[in-house]
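Below is one structure, written out as structure tokens; the observations come after it.
The values are calculated or read from the model by the stated rules, or taken from the named source; none is laboratory data. Since the model is a prediction, treat every value here as computed from it, not as a measurement. For neighbour counting, all protein chains shown are included, and Cβ atoms are generated from backbone atoms with ideal geometry for every residue, glycine included. For accessibility, only protein heavy atoms count, side chains too; no ligands or nucleic acids. Shrake-Rupley method; radii C 1.70, N 1.55, O 1.52, S 1.80 Å.
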Amino acid sequence: MSMWLAKWKARESRGRGGAGAAAGGSEARAIEAGDGGERYSAVESHAVVIAGGGPTGLMLAAELALAGVDVAIVERRESQALAGSRAGGLHARTLELLDQRGIVERFLAEGQIAQVVGFAGATLDLGGIPTRHPYSLGLWQNHIERILASWVGELGVRVYRGRELAGFVQDAAGVDIALFDGATLRAQYLVGCDGGRSAVRKAAGIDFAGWEATASHLIAEVEMAQTPPLGIHRSGFGMHSFGRTEYRIRDGRVVYAEQGPIRLMLTEPKVAKGEPGLEDLRATLIAVCGNDYGVHSPAWISRFSDATRQAAAYRERRVLLAGDAAHVHAPDGGQGLQLGLQDAANLGWKLAQVVKGISPERLLDTYPAERHPVAARALRTTMASVALRRADERTTALREIVAGLLDAQEPRRQLAAQLSGLDIRYDLGEGHPLLGRRMPDLELSVDGGAMRVYALLHEARPVVLNFGAVGALAIADPVGRVRLVDARYDGAWELPVVGEVAAPSAVLVRPDGYVAWVGEGSEAGLAEALALWFGGREGG
């Protein structure tokens, strides 16, 4: 951290009367970076500052805003426009999360529904899995970000655009954040959603252990004088693909537009690093395909690899990590964006309760406890996928055997549920199979009318669903945050992979849609669960 930032912190500490001054304080003065003199500006304060305005940062900001938390995003891009979009869709559990917030139709209206979850060359159909969204949604990341940013704007979140974090200093009450333009911010908590090269993670000193790249790939959006063979192909170097930016999905098949830019992905002959250019792309096309197809006029060119890493910790006192800042891996299976949005949904309500004094700070420890294992499993799966798509004859033989095993219904069902995020179970102890799993989106009868479970989660509040006699269940909720709903449901309860389970008499559903308590004919354990997850500072 630079010397001027150290000087600034010392001055700030004196100006606030010591490091323990409360976050969100008065007009403290901060030293700005300057050429020979010290310039001053007022410190802007927020309860939470998020570094990074990509999908994870946007989702987290929305979750916090729904809970009434003053949150701001620091984003280095001048606008939400995105060049070099790598992610191309949303999986079933992510769509459920968006459904829980009442915004999934915005994405469905622009995307293409398809069965694209796959492994070892086999497409894993989600059709038999109990969910309202038994599919993936083809939608480029730039559109995903645009829709999320529009939602965040509706919620009134402040976005500092064209700004970038230079460093930060923590104290007992908050975080002082320095930006490269000399501005300073003060927050109770800082969350790094700033990607695989996260400046927040590096400045926090959090180890990012893992495995180096074994392969690298070029992706680009370009014009070509000749039309390449569209679709996914294999060569001696590995997989590569060509497709139009505009496409439709008909009867499960991708139908590309006749004209328009080409999006391509190429496996490079050797692992490479750095920012690629048109000549790198042309040389790789010739090496892989024997033809550069007259490539020209790139809108963007980017490089990614199968480097696989995970943060040793997701939290360092008042600094937290989410999304690619916490885990990076090959894009096989489209897991990265899903993990980030689900990290945000898990962290958002917990951080909001701590900021508002509803819950003790140790509630934040449940975030890495729950999300670290989920990401670790995704890392293993993507590493296996990378190994299986290598082009040598031995790997080809292994891939064919694995694909053959996936012809069996049970392995296909289990892997499909895993890759789509529908089988996640947080370790909340022993008990009913629902405990720790996502709540099914049942069609309930409430006050004589029909209501889906996910409609009850639009405000990101916890809900107790009582399926017993009306008024038979009482809850202790001193802060008025938990909603108690008397409901009726007479159908079967079915969970992905697990199958049909016994109907509960009541459930406590967290804001992220996961079941925190299950009643099996009594209220035993409900008071403890409410205190643990949603009680006052003495609870938990």
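Might you check whether a residue that is surrounded by fewer than 22 Cβ atoms within 10 Å (Cβ to Cβ), of a type in the set (Asp, Glu) and part of a strand (DSSP E or B) occurs anywhere in the range 441-453? Within the range 441-453, one or more residues are surrounded by fewer than 22 Cβ atoms within 10 Å (Cβ to Cβ), of a type in the set (Asp, Glu) and part of a strand (DSSP E or B).
All of (1) over 22 Å from the mean Cα position of the chain (by Cα); (2) exposed (fewer than 15 other Cβ atoms within 10 Å of the Cβ) hold for Leu155 with one exception: (1). Evaluated against (1) within 25 Å of Gly348 (Cβ to Cβ); (2) free of Cβ contacts under 8 Å to residues at least 60 places away in the same chain; (3) assigned to a loop (DSSP other than H, G, I, E, B), Leu473 falls short on exactly one condition, (1). If you go through the range 223-257 and keep only what is over 27 Å from the mean Cα position of the chain (by Cα), touching a residue at least 12 places away in the same chain (Cβ under 8 Å) and over 28 Å from Thr308 (Cβ atoms), you end up with Glu223, Met224, Ala225, Gln226, Thr227, Pro228, Pro229, Leu230, Tyr256, Ala257. Here Lys356 passes the criteria (1) in contact (Cβ under 8 Å) with a residue 60 or more places away in the chain; (2) open to solvent by less than 40 Å² (accessible area, probe 1.4 Å); (3) more than 24 Å from His233 (Cβ to Cβ) except the one numbered (2).
The set of residues from the range 300-335 being of a type in the set (D, E, K, R), open to solvent by 20 Å² or more (accessible area, probe 1.4 Å) and more than 13 Å from Arg197 (Cα to Cα) comprises Arg303, Arg315, Glu316, Arg317, Arg318, Asp332. Residues that are farther than 20 Å from Ala311 by Cα and open to solvent by less than 40 Å² (accessible area, probe 1.4 Å) within the range 182-219 comprise Gly182, Ala183, Thr184, Leu185, Arg186, Ala187, Ala215, Ser216, His217, Leu218, Ile219, listed in sequence order. Using the structure shown, decide if Leu347 is outside any strand (DSSP E or B) and within 10 Å of the chain's Cα centre (by Cα). Taking the combined requirement at face value, the residue does not satisfy it. Within the range 176-197, the residues that satisfy the criterion of being assigned to a strand (DSSP E or B) and farther than 18 Å from Ala326 by Cβ are Asp176, Ile177, Ala178, Leu179, Thr184, Leu185, Arg186, Ala187, Gln188. Of all residues in the range 344-362, those that are under 27 Å from His91 (Cβ atoms) and either touching a Ser or Thr at 6+ places or on another chain (Cβ under 6 Å) or of a type in the set (A, V, I, L, M) (or both) total 5. Looking at the range 390-410, is at least one residue under 25 Å from Glu212 (Cα atoms), among the basic types (Lys, Arg) and open to solvent by 40 Å² or more (accessible area, probe 1.4 Å)? The answer is yes; a qualifying residue exists. Checked across the range 308-327, the condition of being at pLDDT below 95 and of a type outside the set (Ser, Thr, Tyr) holds for no residue.
Of the residues making up the range 488-540, those that are over 30 Å from Lys356 (Cα atoms) and without any contact (Cβ under 8 Å) to a residue 60 or more places away in the chain are Arg488, Tyr489, Asp490, Gly491, Ala492, Trp493, Gly499, Glu500, Ala503, Ser505, Gly521, Ser522.
The single condition from (1) over 20 Å from Leu320 (Cβ atoms); (2) surrounded by fewer than 23 Cβ atoms within 10 Å (Cβ to Cβ) that Ala173 fails is (1).
Just checking, does the range 462-480 include any residue being among the aromatic types (Phe, Trp, Tyr) and crowded, with 21+ Cβ neighbours inside 10 Å?
As a first pass, look at the range 462-480 and keep what is among the aromatic types (Phe, Trp, Tyr): 467.
Within this subset, residues satisfying the condition of being crowded, with 21+ Cβ neighbours inside 10 Å are none.
So far as the range 462-480 goes, no, none of its residues is among the aromatic types (Phe, Trp, Tyr) and crowded, with 21+ Cβ neighbours inside 10 Å.
For the range 267-299, the set of residues classified as in contact (Cβ under 8 Å) with a residue 40 or more places away in the chain and either touching a Lys or Arg at 6+ places or on another chain (Cβ under 7 Å) or under 16 Å from Glu223 (Cβ atoms) (or both) consists of Ala272, Pro276, Leu281, Asn291, Tyr293, Gly294, Val295, His296, Ser297, Pro298, Ala299, listed by residue number. I'd like to check something: does the range 236-246 contain any residue that is at pLDDT 95 or above, within 25 Å of Ala384 (Cα to Cα) and surrounded by 14 or more Cβ atoms within 10 Å (Cβ to Cβ)? Within the range 236-246 (the criterion being at pLDDT 95 or above, within 25 Å of Ala384 (Cα to Cα) and surrounded by 14 or more Cβ atoms within 10 Å (Cβ to Cβ)), the answer is no, since none of the residues qualifies.
Cβ-Cβ distances below 9 Å connect the following pairs, each with a first residue in the range 359-386 that is over 30 Å from Arg234 (Cα atoms), a second residue that is modelled with pLDDT under 95 and acidic (Asp, Glu), and a separation of six or more residues or different chains: Pro360/Glu538.
Residues in the range 132-142: is at least one among the charged types (D, E, K, R) and surrounded by fewer than 20 Cβ atoms within 10 Å (Cβ to Cβ)? Spell out how you get there, then give the answer.
Taking the range 132-142 and keeping what is among the charged types (D, E, K, R), we get 132.
Still in the list and also surrounded by fewer than 20 Cβ atoms within 10 Å (Cβ to Cβ): 132.
Taking every residue of the range 132-142 in turn, at least one turns out to be among the charged types (D, E, K, R) and surrounded by fewer than 20 Cβ atoms within 10 Å (Cβ to Cβ).
Of the listed requirements (1) open to solvent by 10 Å² or more (accessible area, probe 1.4 Å); (2) modelled with pLDDT of 95 or more, Leu98 misses just one: (1).
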